[in-house]
Structure formats: C-alpha cells, structure tokens
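Please read the structure below before turning to the comments.
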Amino acid sequence: MAKKGPTKIHIIGSVGSGKLSAKLDVPFYELDNVVWKRFKTGDVRRTDEERDELLGEITSADVWIVEGVHHKWVHPSFERADLIIFLDTSYRTRTFRIIKRFVRQKLGLEQANYKPTFRIFRNMFVWNAHFENESKPEIEKMLGRYSEKLVVLKDNSEMEKYFGTKQ
C-alpha cells in the first residue's frame, strides 16, 4: 500500500459485515484471532493480558488493519488508528451473509478460522441480533469521540468507492 492514505486502519462491524481488508494489501489482523489461539484440536482463549499485549504489538507497527466486532477492549487500536471504518450494514444483509458464508464453508468454498458447525451457525444469528440491539448502540456512542477519523459505510459499494477496490 502506498503511503498516500491511512496506514493504520481499524474496521469494526458485526459478523457478516463484509470485512475484506486483504484487498488493500496491508497486513491485517482479525480480532477473533487476537482473542483466540487457534489449534487443530480446538481454540483456546487468551488471557486478557495476553490479548491486550498482542493487540499492542500489532498496533505499534507502522502499517496495519485490525478488523472485527470487538469494541470493549480495543481502545488502543482506536487511539492509534489513522482511520476507523464502521461497517454499518443492515441486519437483513448480515443475516443473508451469515447463511451464505456457512453454506460456502460447509462446501469447502470458503475457509474458516473455526469448524463451521450448526451450533456456531445458530450462534451467528444470536450474535447478529445482539450486535443490532446492544453492541451497535454502544459502538456508535464510543466512536463519537473519534469523529475526525471515523467513516461509516453502509454497504460494499461504499467500501469499493472509498478504497477503489472490488470486494
């Protein structure tokens, strides 16, 4: 990525928001992988201290994208970011994407950081509703203090226009 635009980007949005930061050719980190150590035998949650230390290492670099729905412990990332993107896609769009992602993962057409089980599939709907009703209002309030570097995007076409990339 050329140094023209922002080089430290935090993308926040619910499951199924369409976060595709790899298109920007910048090292990116999914917050779920900051929370979880991934093993073939199963995931293990990092301690809060391990998680915070790893986030600090990531956001101390000169170029990065952090993405995910987590918002209560990521203030250092918001503070260090040149740009914060809130992907505020509709509930309906996220629901469709959850179904599409699950089918693609089960067919082996899309990779997952976890085993795509029906339990996780069901949980995705619970998390999506929780995001809409509880997390989203918290995030909107929290992001108010970063208005000078905040961009709210409603769909993929806005992301494409903003970055000049196809999703």
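The values are calculated or read from the model by the stated rules, or taken from the named source; none is laboratory data. Only a predicted model underlies this, so the values are computations on that prediction, with no experimental measurement involved. Every residue, glycine among them, receives a Cβ derived from its backbone with ideal geometry; neighbour counts consider all protein chains shown. Side chains included, ligands, DNA and RNA excluded: accessible areas come from the protein's heavy atoms. Shrake-Rupley method; radii C 1.70, N 1.55, O 1.52, S 1.80 Å.
For segment 8-27, name all the residues that are of a type in the set (A, V, I, L, M), surrounded by fewer than 20 Cβ atoms within 10 Å (Cβ to Cβ) and modelled with pLDDT of 75 or more.
Once the filter is applied, which keeps residues that are of a type in the set (A, V, I, L, M), surrounded by fewer than 20 Cβ atoms within 10 Å (Cβ to Cβ) and modelled with pLDDT of 75 or more, segment 8-27 yields only V26.
Would you check which residues across segment 39-76 are touching a Ser or Thr at 6+ places or on another chain (Cβ under 7 Å) and of a type in the set (D, E) and list them?
Initial filter on segment 39-76 (touching a Ser or Thr at 6+ places or on another chain (Cβ under 7 Å)): 55, 59, 62-63, 65-67, 69, 71, 76.
Scanning segment 39-76 gives D62, E67.
Any residue at all in segment 91-99 that's touching an Asp or Glu at 6+ places or on another chain (Cβ under 9 Å), farther than 20 Å from E148 by Cα and loosely packed, with under 14 Cβ neighbours inside 10 Å?
Residues of segment 91-99 that are touching an Asp or Glu at 6+ places or on another chain (Cβ under 9 Å), as a first pass: 91, 93-94.
Pick out the ones that are also farther than 20 Å from E148 by Cα and you get 91, 93-94.
Filter again for loosely packed, with under 14 Cβ neighbours inside 10 Å, leaving none.
Within segment 91-99, not a single residue is touching an Asp or Glu at 6+ places or on another chain (Cβ under 9 Å), farther than 20 Å from E148 by Cα and loosely packed, with under 14 Cβ neighbours inside 10 Å.
Any idea how many residues of segment 109-152 are open to solvent by 40 Å² or more (accessible area, probe 1.4 Å), small (G, A, S) and either within 16 Å of the chain's Cα centre (by Cα) or modelled with pLDDT under 90 (or both)?
Here the count works out to 0.
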